[in-house]
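Undergrad: Take a look at the following structure, please.
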Amino acid sequence: MATNFKNVITKEVGTVRVAVYTTPPANNTTIIGLSVANITDSIVSASILIGDDGSSVAYLVKDMPIPANSTLKPIGKGEKIIMQAGDTLFVEADKTESLDVITSLVEIV
């Protein structure tokens, strides 16, 4: 099996849920790091969700406050999230254009 290491950058996430990464068909993915940066001058609440290729969506983090100009790292330091083909990682905030997200992952082809 081949492995592809990637970073996915998503800028200015706001109040609309954004799909930051979807596992391609016939692949599995391991999320090895996730950084969610508050790019505003006020506190922002962030939610991170994972959905499968059906209709199930669940919170990994719900309404976590991130101080102004700070970063939340909910995945890393040994924790990993396994995603199957069609699974999607979502991020949303309580303020418009307030979060930059960097997702580090390994795709297993």
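Undergrad: Quick one: Karplus J couplings for the range 92-103, per residue in order, coefficients 6.51, -1.76, 1.60, θ = phi - 60°, nearest Hz, x for Gly and Pro?
TA: Result, ordered by residue: 8, 9, 9, 10, 5, 6, 10, 10, 10, 10, 10, 10 Hz.
Undergrad: Sticking with this structure for a sec: In the range 54-109, which GluC sites (Glu not before Pro) fall in coil by DSSP and have 16 or fewer other Cβ atoms within 10 Å? List each step's numbers first, then the result.
TA: On the way: sites: Glu79, Glu92, Glu97, Glu107; in loops: Glu79, Glu97.
Hits after loop and neighbour filter: Glu79, Glu97.
Undergrad: What length, rounded to one decimal in nm, is gained on full extension from Val16 through to Ile39, with 0.36 nm per residue of separation minus their alpha-carbon distance?
TA: So the chain would gain 6.6 nm between Val16 and Ile39.
Undergrad: Hey, another quick one. Local charge sum around Val16 (other residues, Cβ-Cβ under 12 Å, Lys/Arg +1, Asp/Glu -1)?
TA: On the way: positive: Arg17, Lys95; negative: Glu12, Glu92, Asp94, Glu97.
Once all neighbours under 12 Å are counted, the net charge is -2.
Undergrad: Using per-residue counts of other Cβ atoms within 10 Å, averaged over each peptide, order 19-25, 3-9 from highest down.
TA: Peptide ranking by packing, descending: 19-25, 3-9.
Quick note: the coordinates plus some simple rules give every number you see, no bench work behind them. Please read all numbers here as calculations on a predicted model, not as lab measurements. With ideal geometry, Cβ positions are generated from the backbone for all residues, glycine too; neighbour counts draw on all protein chains shown.
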